Every structure is written in structure tokens, then in C-alpha cells.
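> I'd like to ask you about the structure that follows.
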There are 2 protein chains.
Amino acid sequence: MPKRVDHDERRRLIAAAVRRIAADRGLEAVSLGEVAAEAGISKGLVQHYFATKDAMLRFATGTLRDHVEQRLGTPATLRDTIVALLPLDDASRAEALVANAFLVRALKDEEIAGRFRTGHAQLAEVLTTMVAAAQAAGELAADLDPAREADLLLAVAAGLGDAVLLGHRTPEQAIALVDHHLFRLEARETGLARAIE
Amino acid sequence: MPKRVDHDERRRLIAAAVRRIAADRGLEAVSLGEVAAEAGISKGLVQHYFATKDAMLRFATGTLRDHVEQRLGTPATLRDTIVALLPLDDASRAEALVANAFLVRALKDEEIAGRFRTGHAQLAEVLTTMVAAAQAAGELAADLDPAREADLLLAVAAGLGDAVLLGHRTPEQAIALVDHHLFRLEARETGLARAIE
């Protein structure tokens, strides 16, 4: 089905152009003309695939999700997963910017909100499983609630991500803070004392 | 100087209109016509005070900062301060949305970036002082590095703020996670064991 593949590729090409513009100048700069120019195709072709700006933005958030999942892949450790959530290279930085650009819109558009919600829930689930596995391996304290720690870890990653993005903290400082947070969750001799107090 | 006061009030009126539009529909919706309509004044009057959209946006981020500081006020405890950073009511929700709307722009506009940086540094300083005070009062563990814990607390608040804003977590869940994080920082008998291990 060569024709079908071609259509999908063109949609992805357009979505990639939308994301680059959003990361660079925000959603306010996403227009038919700008997207066509960025994608190197005609306005008519953009309109052929996406009748409205909303439709284009919705599709762009869908491919964003794919990119995040691809980038996370199957990291070896909980720590690697948290660090992979930080905007430490150009690709992850662009993703964080695009996600931020879409945030206000996510509150008004149920389809985009749904994608954000699903992404957050999936990440929370992955982290919960990893915390539980680290407990089973004796690395993290046995008295931790995996789901609660996953929520907190997601918040730490999101907050540090913004700080790195805005240049308030360096990537090295952010990683050190992740390690500092994780250190407190580690299994150690005082774990028993804490559990029975 | 009645005339001078009037000018300041009009600028603030316009900035408030910019913030309401940004919180509701994002920066993409901020235009001369929309701002004039939202503020209930003529386009010509808006232009009289702000020659460009950039000038208007810069001024709006300045008043945003004032609002955040006013709202934080002088909270009694570290916990109250962290909770006050969360978008739990309409005013703080609007502030968080506006800050998000301005994030991409902050990366391109040195003046707006400077305001974000100053705000982050001031908050970090306030929290560092509060952590140190809580240590002196014997509430938080003596072996904590106040500046490091302040950084982590800011990240937790920012990350939980996004989760609440997007409806991924309820205000109650976010507050419970703040309390859970703070609980681990508390001074307790095992503190000594941890310090000497």
C-alpha cells in the first residue's frame, strides 16, 4: 500500500514542522503559511491533510507522544528513566517546549487533554512498576508506596525539567537533585527503625 | 500627581486583560483587538501605552511577578509556602497558566527570561531560609543542605502544579504528596543513624 504510506509520511512531515515552530516560537506562530514554509510544501497540500489548525495541532500532539515513548525506550534503571525525562539534549528540549506550548490548549481541547492524561498515566505506571521492582531487588526501602513515589518522582522530573529549560538550573544540577531524591528512597539499615516508629 | 497614577492604572488594566486572555486561550490569542475588547478600551488607547505586542507582554509578566509575591505574602510555615505555590484556586491557577503561556517566549526574550530567573532565585532564597529556620527549630533534620532541599521543593511544587493544572492529580493528592515529601525531611531519632552511616 505505497499510497497510504505516503499520506502518513506527509502527515508526519507536517506534524514535525508544527512541533519545530511551536518549540521555537510557540503555538501563536503556528499558521498555515508558516507550517507550509517550514515543511517545504504548498499551503494547499497542508490544507489537504488538515482542514483546520486544531486538527493539525491534535495530530502533532499525537506524534509527540510517540516520540517521547521512543526516546524513553526501555531504560535499564529507575534513575535512567527519570533522567531521560529531563530536557537534556536538543530532542528532549524540543519535546518539553512543545508540551509546554500545548498546555493551555490541553485545558480547552478534550482530545489533546486526553493525550496528556494518557501519557501521564502511562509514565506513572512505568515508574510505579520500576519502584516496586527496585524494592523487590532490595535497592529501595520496602516501606515505600510505589504509586506514591512514582507520582512524586514524576513531579520532581517535571519541575526540574522546567528549571533546566529556563536555564535556572544546569543539567548537572538537575541530575544531582534526582540522585539526592532517590538516595533518600534507598533501602538502608535505618529503614527498619523508620518502619516501626 | 493624579495624571501619573491614572497612566499606571491603565497599564495595569491592560496587563490584566493580557493575562486573562493568555490564561484562557494562550499567547496566540493576545492581539491588539482582543486586548482592547477584554480591557473595555479602544485599540488606540492600548497602542498609546504599548507600541508593540512584545512591550505589552513584557509589562504583563512584570505585574504577574507582583501578583505571585502578593499572594505568597508571609506564610507561616514552609509547608504553607509550598502549598501556596500550587494552583489550587482561580487566582493561582490563572497565574500558573500565564507563566506557562510565557515559557516559550521567555527563552527568546531576555527581559522576560530575566523576570523568570529573578522570580525563581527569590523563591529559592525564601525556601532556603525557611528550611534553615525549620532546622534551627528542630523540625527538619540537621544534616540537610537548605539550598539543595529548597531546589528540590521548588521542583516538587512546579511539577505537582502542572499535574493539578492538567487535572492529572487533585489538589488533595498534590498536598498529600507535598506532606509526604516534607515528612522525609523531618528530624527524627533515625537522623543520627543516617548521619553517621
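> Using modelled backbone amide H atoms (1.01 Å from N, in-plane), which distant-in-sequence or interchain residues come within less than 5 Å of A:Leu140's amide H?
Here the answer is A:Gln135, A:Ala187, since their amide H atoms fall under 5 Å of that of A:Leu140.
> Using alpha carbons only, how many degrees (0 to 90, rounded to 10) separate the axis of helix B:2-25 from the longest principal axis of chain B?
Rounded to the nearest ten degrees, it is 70.
> How far, in degrees from 0 to 90, does helix B:171-185 lean away from the longest principal axis of the Cα atoms of chain B, to the nearest 10?
Approximately 40 degrees, to the nearest ten.
> Another question about this same structure. When each copy gets a label point 7 Å from Cα toward the beta-carbon at A:Ala55, what are the spacings between them in nm, shortest first?
From this label point to the equivalent ones elsewhere in the assembly: 4.1 nm.
> Between B:Asp80 and A:Glu9, what FRET efficiency comes out of the Förster formula 1/(1 + (r/R0)^6) with R0 = 45 Å and r the beta carbon distance, rounded to 0.05?
0.25
> May I pose another question? No solvent, one uniform scatterer per C-alpha: report log10 I(q)/I(0) for the protein assembly as shown via the Debye equation at q = 0.07, 0.10, 0.12 1/Å, two decimals.
-0.36, -0.71, -0.98
> Here's another thing I want to ask about it. Calculate, axis by axis, the spread of Cα positions in the range B:2-196 along the three principal axes, and write the results as whole Å, longest axis first.
Largest first, the range B:2-196 extends 69, 36, 30 Å along its Cα principal axes.
> How many partner chain Cβ atoms sit within 10 Å of a residue's Cβ in peptide A:156-165, on average, as a whole number? Walk me through the numbers on the way to the answer.
On the way: counts 7, 2, 8, 12, 7, 4, 11, 6, 1, 4.
Shielding by partners across A:156-165 averages 6.
> Treating the point 7 Å from Cα along Cα-beta-carbon as the label, what are the nm separations from A:Ala133 to the other copies, to one decimal?
When each copy's label point is compared with this one, the spacings are 4.4 nm.
> Taking chain A as the reference, fit the longest principal axis to its C-alpha atoms, fit the long axis of helix A:110-136 to the helix C-alpha atoms, and give the angle between the two in degrees, 0 to 90, nearest 10.
Tilt relative to chain A: about 30 degrees.
> Modelled label-to-label distance, A:Asp54 and B:Arg184, 7 Å Cα→beta-carbon offset: nm?
In this crude spin-label approximation the distance works out to 4.2 nm.
> Can you compute 3J(HN,Hα) from phi for each residue in the range B:140-156, using the Karplus curve 6.51 cos²θ - 1.76 cosθ + 1.60 with θ = phi - 60°, rounded to whole Hz and x for Gly and Pro?
9, 4, 5, 8, 7, 8, x, 5, 5, 5, 4, 4, 5, 5, 4, 5, 4
> Also, I was wondering about something else. What are the distances, in nm and sorted shortest first, from the label point of A:Ala121 to the label points of the same position in each other copy, with each label point placed 7 Å from Cα along the Cα-to-Cβ direction?
4.3
> With an 8 Å Cα cut-off and a minimum separation of 6 or more residues, compute the relative contact order for chain B in percent.
20
Read-outs: derived from the displayed coordinates by stated rules, not from any lab. Source: prediction; values computed, not measured. With ideal geometry, Cβ positions are generated from the backbone for all residues, glycine too; neighbour counts draw on all protein chains shown.
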